[in-house]
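> Below is one structure. I have some questions about it.
The values are calculated or read from the model by the stated rules, or taken from the named source; none is laboratory data. Only a predicted model underlies this, so the values are computations on that prediction, with no experimental measurement involved. Don't worry about glycine lacking a Cβ; one is built from the backbone with ideal geometry, like all the others, and counts go over all protein chains shown.
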Amino acid sequence: MNIAQVDYDGLIPNNVGLGQDPRVKRALEKWHPGYIDWWKEMGPEGFQESLVYLRTAVSVDPKGWAKFDYVRMPEYRWGVLLAPQHEGRKIPFGVHKGEDAWQEVPGEYRAMLRRLIVIQGDTEPASVEQQRHLGKTAPSLYDLRNLFQVNVEEGRHLWAMVYLLQKYFGADGREEAEALLQRRSGHADTPRMLGAFNEKTPDWLSFFMFTYFTDRDGKMQLEALAQSGFDPLSRTCRFMLTEEAHHMFVGETGVTRVVQRTCEAMKEAGITDPNNIEAVRKLGVIDLPTIQKKANMHFSLTLDLFGNEISTNAANAFHAGLKGRYREDRLKDDHQLEGATYPVLRLIDGKIQNADTPALSALNMRLRDDYVVDANIGVGRWNKVIAEYGIPFEIKLPHVAFHRHIGEFASIKADVNGNLLSEAEWEKRRGEFLPSDSDREFIEGLMQPQFEPAKFASWIAPPRVGIDNKPGDFEYVKIADA
Ligand code: BYC
């Protein structure tokens with residue numbers, strides 16, 4: 001079959017020849033009803049019958065793989081899509097560098113590989129669960145549709161990981177696939193696996209920050225897994241990255257539009273001081289210092305997802321050829337790193353300082369450093385908007401030691417510039433750095449739905465262009481039961 005073309009004939013659209021693989025086809029068909037039950041229970045609340053203008057992949061060809069149409073979300077065609085195989089691909093790094101990429105699971109690394117796939121898989125339904133209440137307060141039909149597009153694609157990413165578990169991991173893969181439907185974000189007894197995926201996404205500014213910052217961790221981790229010597233994982237992640245790009249677009253442009261609306265409203269009202277919070281809030285927009293606090297919150301929670309500064313798990317996964325560095329294929333070194341070092345910010349003698357560390361143990365931090373560079377690019381674009389309005393304010397990413405729960409800095413308190421604080425100082429100043437109860441209440445108060453085509457809530461500017469080049473008054477969601 002042509003790998004670029006997706007087979008839509010069966011229950012599960014795919015480009016992996018499921019029709020010729022009855023064992024895996026049956027396993028996935030058996031998993032399907034549980035998935036739909038999960039989606040109906042934990043997916044977007046109140047909109048399951050609405051018609052949503054969504055895109056689906058009809059081919060994994062980079063040119064025009066997406067087709068747009070109105071769909072009820074439970075009828076969305078979740079499928080298994082892999083990027084094309086590169087003939088003769090070699091393992092690009094680690095101790096097996098240069099050997100043929102694995103098409104089957106290497107027995108000695110089975111447990112490690114399964115763990116990586118399960119953790120990746122667990123984040124996908126988690127984010128859908130975190131966002132399930134947001135539809136009710138969407139600032140426009142355009143945004144509502146983008147939320148649902150992100151949600152169905154996170155659902156598809158779960159399918160992507162479940163396919164690998166069902167095809168390559170036998171009985172324990174099936175058990176893991178079931179367990180992915182059982183855990184719940186924020187649940188006291190059966191939470192999702194990683195910290196940030198058990199936090200709430202209570203409002204739309206949080207949603208945009210999450211899709212900007214946390215989906216970008218997704219991008220970095222998927223890029224690292226796309227380098228994997230286990231070829232089916234590499235190909236799966238390569239295709240997921242094309243979808244992930246849209247999620248970060250939603251986040252970046254979402255925050256841009258919030259910032260723009262705030263600046264516009266300030267200009268119209270003749271307010272020049274960004275710290276005159278009371279006056280700005282009276283305009284029905286979100287003041288820039290509160291936007292900064294939300295960024296502090298989501299950035300710091302996301303940094304925890306990179307794991308510990310020094311990690312034997314990360315070293316082992318690289319050494320084995322399972323998880324590489326960000327864009328390993330573009331790096332110019334020996335791709336084995338046995339004797340190399342990497343500078344890591346650590347807490348030494350009570351001070352935050354750089355220490356040269358064996359590069360293999362520092363791989364989580366290397367990925368995190370690449371992440372910070374990437375995350376700063378969009379922040380620069382937000383600041384450009386603020387500067388265009390002549391407002392003296394700059395959004396800044398906080399120091400990596402700020403508000404951490406994993407790694408070296410979990411045991412200390414620091415301000416956004418990385419100055420150490422005592423517990424008492426932290427408690428006193430916390431509200432300067434992170435959203436306070438009153439900030440949250442204010443934002444919550446603004447979250448009134450706006451479901452009329454072409455209309456937008458007071459606190460967000462319209463997008464510059466519509467999805468699929470649709471005009472401004474396009475009805476992106478035909479609401480049935482909200
Ligand atoms: N929370 O050696 P360490 C996405 C655990 S996002 C809780 O540093 P490692 C998406 C760790 O599991 C991308 N526990 O760990 C975005 C380990 O436990 P065990 C998701 C944590 O393995 C938006 C222990 O601490 N994909 O796709 O080097 C929407 C020792 O730590 C946390 C991946 O993450 C935490 N934050 O690093 C939708 C890729 N951090 O094994 C989707 C796969 C660490 O000792 N995962 N621990 O019991 C990995 O590569 C790694 O597992 C991690 C952790 C980078 C997550």
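> Here is a list: Phe306, Phe299. Which entry is within 16 Å of the ligand (Cβ to nearest atom), closer than 21 Å to Thr256 by Cβ and crowded, with 21+ Cβ neighbours inside 10 Å? Step through it out loud before you land on a result.
Values: Phe306 fails: closer than 21 Å to Thr256 by Cβ.
Answer to the check: Phe299.
> I need the full set of residues from the range 126-148 which are within 13 Å of the ligand (Cβ to nearest atom) and either modelled with pLDDT under 95 or assigned to a helix (DSSP H, G or I) (or both), in order please. Please lay out each step first, then the result.
From the range 126-148, those within 13 Å of the ligand (Cβ to nearest atom) are 126-131, 147; that's our starting set.
Residues satisfying the conditions are Ala126, Ser127, Val128, Glu129, Gln130, Leu147.
> Tell me whether the range 227-247 contains one or more residues that are in contact (Cβ under 8 Å) with a residue 40 or more places away in the chain and within 30 Å of Glu441 (Cβ to Cβ).
yes
> Any idea which residue in the range 258-272 is farthest from the ligand (Cβ to nearest atom), counting only those that are touching a residue at least 60 places away in the same chain (Cβ under 8 Å) and either farther than 18 Å from Ile460 by Cα or of a type outside the set (A, V, I, L, M) (or both)?
Thr272
> It is to be established whether one or more residues within the range 242-256 are crowded, with 23+ Cβ neighbours inside 10 Å and more than 24 Å from Leu141 (Cβ to Cβ).
No: the range 242-256 contains no residue that is crowded, with 23+ Cβ neighbours inside 10 Å and more than 24 Å from Leu141 (Cβ to Cβ).
> Here is a further query. Cβ-Cβ under 7 Å, sequence separation 6+ or interchain: first residue in the range 317-337 and farther than 12 Å from Val95 by Cβ, partner hydroxyl-bearing (Ser, Thr, Tyr) and within 14 Å of the ligand (Cβ to nearest atom). Which pairs?
Within 7 Å, the pairs are Lys323/Ser228; Gly324/Ser228.
> Find the residue count for the range 290-312, including only residues that are part of a helix (DSSP H, G or I), polar (S, T, N, Q) and in contact (Cβ under 8 Å) with a residue 60 or more places away in the chain. Let's see the steps before the verdict.
Step one: list which residues in the range 290-312 are part of a helix (DSSP H, G or I), which gives 290-306, 312.
This time we only want the ones that are polar (S, T, N, Q), so: 290, 292, 296, 300, 302, 312.
Okay, now just the ones that are also in contact (Cβ under 8 Å) with a residue 60 or more places away in the chain, so 290, 292, 296, 300, 302.
Counting residues in the range 290-312 that are part of a helix (DSSP H, G or I), polar (S, T, N, Q) and in contact (Cβ under 8 Å) with a residue 60 or more places away in the chain gives 5.
> Residues that are surrounded by fewer than 18 Cβ atoms within 10 Å (Cβ to Cβ) and acidic (Asp, Glu): does the range 186-198 have at least one?
The answer is yes; a qualifying residue exists.
> Taking the residues in the range 73-103 that are under 24 Å from the mean Cα position of the chain (by Cα) and part of a loop (DSSP other than H, G, I, E, B) as candidates, determine which candidate is farthest from Leu144 (Cα to Cα). Walk me through it before giving the result.
So in the range 73-103, the residues under 24 Å from the mean Cα position of the chain (by Cα) come out as 73-84.
Okay, now just the ones that are also part of a loop (DSSP other than H, G, I, E, B), so 76-79, 81-84.
Details: Tyr76: 16, Arg77: 19, Trp78: 20, Gly79: 23, Leu81: 25, Leu82: 28, Ala83: 29, Pro84: 32 Å.
Residue satisfying both the conditions and the ranking: Pro84.
> If you don't mind, there's one more thing I want to ask. Looking only at the range 77-86, decide whether some residue is closer than 15 Å to His319 by Cβ and within 16 Å of the ligand (Cβ to nearest atom). Give the derivation first.
So in the range 77-86, the residues closer than 15 Å to His319 by Cβ come out as none.
No: the range 77-86 contains no residue that is closer than 15 Å to His319 by Cβ and within 16 Å of the ligand (Cβ to nearest atom).
> Can you tell me which residue within the range 365-395, out of those that are surrounded by 15 or more Cβ atoms within 10 Å (Cβ to Cβ) and more than 20 Å from the chain's Cα centre (by Cα), is nearest to the ligand (Cβ to nearest atom)?
The qualifying residue nearest to the ligand (Cβ to nearest atom) is Ile395.
> Specify which of the listed residues (Leu233, Leu225, Leu205) is within 27 Å of Arg381 (Cα to Cα) and either buried (at least 21 other Cβ atoms within 10 Å of the Cβ) or more than 10 Å from the ligand (Cβ to nearest atom) (or both). Step through it out loud before you land on a result.
Details: Leu233 fails: within 27 Å of Arg381 (Cα to Cα); Leu225 fails: within 27 Å of Arg381 (Cα to Cα).
Unique residue meeting the criteria: Leu205.
> Continuing with the same structure: It is to be established whether one or more residues within the range 2-14 are touching a Pro at 6+ places or on another chain (Cβ under 9 Å) and either at pLDDT 95 or above or assigned to a strand (DSSP E or B) (or both). Show your work before the answer.
So the first thing to find is which residues in the range 2-14 are touching a Pro at 6+ places or on another chain (Cβ under 9 Å), and the list is 3-4, 6-7.
This time we only want the ones that are either at pLDDT 95 or above or assigned to a strand (DSSP E or B) (or both), so: 7.
Checking the range 2-14: at least one residue is touching a Pro at 6+ places or on another chain (Cβ under 9 Å) and either at pLDDT 95 or above or assigned to a strand (DSSP E or B) (or both).
> Looking at the range 28-45, which of its residues are hydrophobic (A, V, I, L, M, F, W, C) and surrounded by fewer than 19 Cβ atoms within 10 Å (Cβ to Cβ)? Reasoning before the result, please.
The first filter runs over the range 28-45 and keeps only residues hydrophobic (A, V, I, L, M, F, W, C), leaving 28, 31, 36, 38-39, 42.
Residues satisfying the conditions are Ile36, Met42.
> Assess whether Glu452 counts as being at pLDDT 95 or above, exposed (fewer than 14 other Cβ atoms within 10 Å of the Cβ) and assigned to a loop (DSSP other than H, G, I, E, B). Explain how you work it out, then say what you get.
On the way: at pLDDT 95 or above: yes; exposed (fewer than 14 other Cβ atoms within 10 Å of the Cβ): yes; assigned to a loop (DSSP other than H, G, I, E, B): yes.
So Glu452 fits the description; yes.
> Then there's this: Can you give me the number of residues within the range 149-165 that are small (Gly, Ala, Ser) and either crowded, with 23+ Cβ neighbours inside 10 Å or at pLDDT below 95 (or both)? Don't jump to the end; show me each part of the working.
Let us first name the residues in the range 149-165 that are small (Gly, Ala, Ser), namely 155, 160.
Applying the additional criterion that residues be either crowded, with 23+ Cβ neighbours inside 10 Å or at pLDDT below 95 (or both) yields 160.
Of the residues in that region, 1 qualify.
> For residues that are within 14 Å of the ligand (Cβ to nearest atom) and assigned to a helix (DSSP H, G or I), scanning just the range 329-364, find the one that is surrounded by the fewest Cβ atoms within 10 Å (Cβ to Cβ).
Asn364
> So which residues in the range 173-188 are within 16 Å of the ligand (Cβ to nearest atom) and either charged (D, E, K, R) or at pLDDT below 95 (or both)?
Those that are within 16 Å of the ligand (Cβ to nearest atom) and either charged (D, E, K, R) or at pLDDT below 95 (or both): Glu176, Arg183, Arg184.
> Cβ contacts < 9 Å: first residue within 17 Å of Phe299 (Cβ to Cβ), restricted to the range 186-199; second residue more than 9 Å from the ligand (Cβ to nearest atom) and part of a loop (DSSP other than H, G, I, E, B), any location; separation 6+ or different chain. Result?
Phe197/Ser185; Phe197/Gly186; Phe197/Pro191; Glu199/Ser185; Glu199/Gly186
> Output the qualifying pairs, or none if there are none: Cβ atoms under 7 angstrom, residues six or more apart or on different chains, first residue in the range 460-482 and without any contact (Cβ under 8 Å) to a residue 40 or more places away in the chain, second residue surrounded by 13 or more Cβ atoms within 10 Å (Cβ to Cβ).
Short answer, once both residue conditions are applied: Gly472/Ala454; Gly472/Pro462; Gly472/Gly466; Asp473/Pro453; Asp473/Ala454.
> Using beta carbons and a limit of 6 Å, which pairs, at least six apart or on different chains, have the first residue in the range 75-88 and closer than 14 Å to Thr242 by Cα and the second one among the aliphatic types (A, V, I, L, M) and part of a strand (DSSP E or B)?
The qualifying pairs are Leu81/Ala57.
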